Amino acid sequence: MIDTIIFDMDGTLIDTEKYYRKCWPLALAAFGFEMSDEQALSMRSLGRPFSPIYMKEMFGETVDYHKVREKRKELVEECIKENGIQLKPGVIELLQWLKAKNIRTAIATATDMERTNRYLKMLGIHEYFDKLISATMVKEGKPSPDIYLYACEQMERKPEECIAVEDSPNGVMSAYRAGCKVVLVPDQTPAEDYLKDKLFACVDTLLGIKELL
């Protein structure tokens with residue numbers, strides 16, 4: 001019986017990936033670089049030290065990842081200020097159901113802890129989570145397994161005893177490499193073929209998780 005679920009945040013619980021998809025190209029344009037939509041999508045949940053290396057592979061040694069990232073953060077905050085953040089379909093219903101079933105929950109996110117806390121409180125779901133884990137707490141971000149291994153440790157469970165809920169390829173690979181049972185809820189793009197043998201399940205919305213427990 002699974003009693004622990006670890007959720008990714010952006011694109012899985014909150015509808016923010018659309019902002020990152022839009023703002024990475026805009027941030028790079030501010031420094032004279034052109035990023036395609038496909039390249040923007042490939043950045044989803046990509047953590048350190050991989051993201052700076054990957055950006056140099058795409059745009060050359062002259063690109064300053066950290067300056068671009070700060071610009072992207074500014075642009076995303078402008079989008080949030082203008083449009084707000086929406087929850088993904090089924091979030092509240094699922095979290096309430098899990099709480100009633102005494103199934104513990106955690107978050108494992110590439111987002112820093114300040115923004116994680118702020119977004120969750122803004123949307124009224126902060127109280128539902130037993131642990132909040134940021135990739136800033138571990139050596140390597142997604143797609144390395146570090147964040148899920150650490151989250152499982154914090155939840156006092158073996159990875160194979162936990163469901164990890166993700167929306168992106170980098171997130172899926174992180175949870176899979178950690179040994180978690182990975183559930184994909186696709187956001188922005190359909191499930192990629194190469195991920196399918198790494199999944200415990202793929203569901204259209206978060207509410208599909210209820211059928212797995």
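The values are calculated or read from the model by the stated rules, or taken from the named source; none is laboratory data. All figures in this text were calculated on a predicted structure; none of them were measured in a lab. No Cβ is skipped: glycine too gets one built from the backbone with ideal geometry, and neighbour counts run over all protein chains shown.
Of the residues in segment 174-197, how many are basic (Lys, Arg) and surrounded by 15 or more Cβ atoms within 10 Å (Cβ to Cβ)? Result for segment 174-197: 2. The residues listed here are Val63, Val91, Val76, Val68; of these, the one that is within 18 Å of the chain's Cα centre (by Cα), β-branched (Val, Ile, Thr) and not assigned by TED's automatic domain parsing to the domain that holds Arg118 is Val76. Return yes or no: is Leu120 modelled with pLDDT of 95 or more, in contact with a Leu (Cβ under 9 Å, 6 or more places away or on another chain), assigned to a helix (DSSP H, G or I) and closer than 22 Å to Lys181 by Cβ? So Leu120 fails the test. The residue of segment 97-123 that is surrounded by the fewest Cβ atoms within 10 Å (Cβ to Cβ), among those that are more than 17 Å from the chain's Cα centre (by Cα) and in contact (Cβ under 8 Å) with a residue 12 or more places away in the chain, is Asn102. Within segment 187-212, the residues that satisfy the criterion of being part of a loop (DSSP other than H, G, I, E, B) and touching a helix residue (DSSP H, G or I) at 6+ places or on another chain (Cβ under 8 Å) are Asp187, Gln188, Thr189, Glu192, Leu199, Phe200, Val203. For segment 1-55, the set of residues classified as charged (D, E, K, R) and more than 12 Å from the chain's Cα centre (by Cα) consists of Asp3, Lys18, Arg21, Lys22, Glu34, Asp37, Glu38, Arg48, listed by residue number.
Taken over segment 155-173, the residue count meeting the criterion of being crowded, with 24+ Cβ neighbours inside 10 Å and aliphatic (A, V, I, L, M) is 3.
Close Cβ contacts (under 6 Å, 6 or more residues apart or on different chains) running from residues in segment 195-213 that are more than 13 Å from Ala164 (Cα to Cα) to residues that are small (Gly, Ala, Ser) comprise Thr205/Gly90; Leu207/Gly90.
Quick check: anything in segment 46-54 exposed (fewer than 15 other Cβ atoms within 10 Å of the Cβ) and not assigned by TED's automatic domain parsing to the domain that holds Glu156? Scanning segment 46-54 turns up at least one residue that is exposed (fewer than 15 other Cβ atoms within 10 Å of the Cβ) and not assigned by TED's automatic domain parsing to the domain that holds Glu156. If you go through segment 43-73 and keep only what is of a type outside the set (Val, Ile, Thr) and touching a residue at least 40 places away in the same chain (Cβ under 8 Å), you end up with Arg44, Ser45, Leu46, Gly47, Arg48, Pro49, Phe50, Ser51, Arg69, Lys71, Arg72. Here Ile85 passes the criteria (1) part of a loop (DSSP other than H, G, I, E, B); (2) within 20 Å of Leu46 (Cα to Cα); (3) among the hydrophobic types (A, V, I, L, M, F, W, C) except the one numbered (2). The set of residues from segment 52-105 being touching a strand residue (DSSP E or B) at 6+ places or on another chain (Cβ under 6 Å) and farther than 30 Å from Ile2 by Cβ is empty. If we scan segment 173-189, do we find a residue that is in contact with a strand residue (DSSP E or B) (Cβ under 6 Å, 6 or more places away or on another chain), in contact (Cβ under 8 Å) with a residue 40 or more places away in the chain and not hydrophobic (A, V, I, L, M, F, W, C)? Within segment 173-189 (the criterion being in contact with a strand residue (DSSP E or B) (Cβ under 6 Å, 6 or more places away or on another chain), in contact (Cβ under 8 Å) with a residue 40 or more places away in the chain and not hydrophobic (A, V, I, L, M, F, W, C)), the answer is yes, since at least one residue qualifies.
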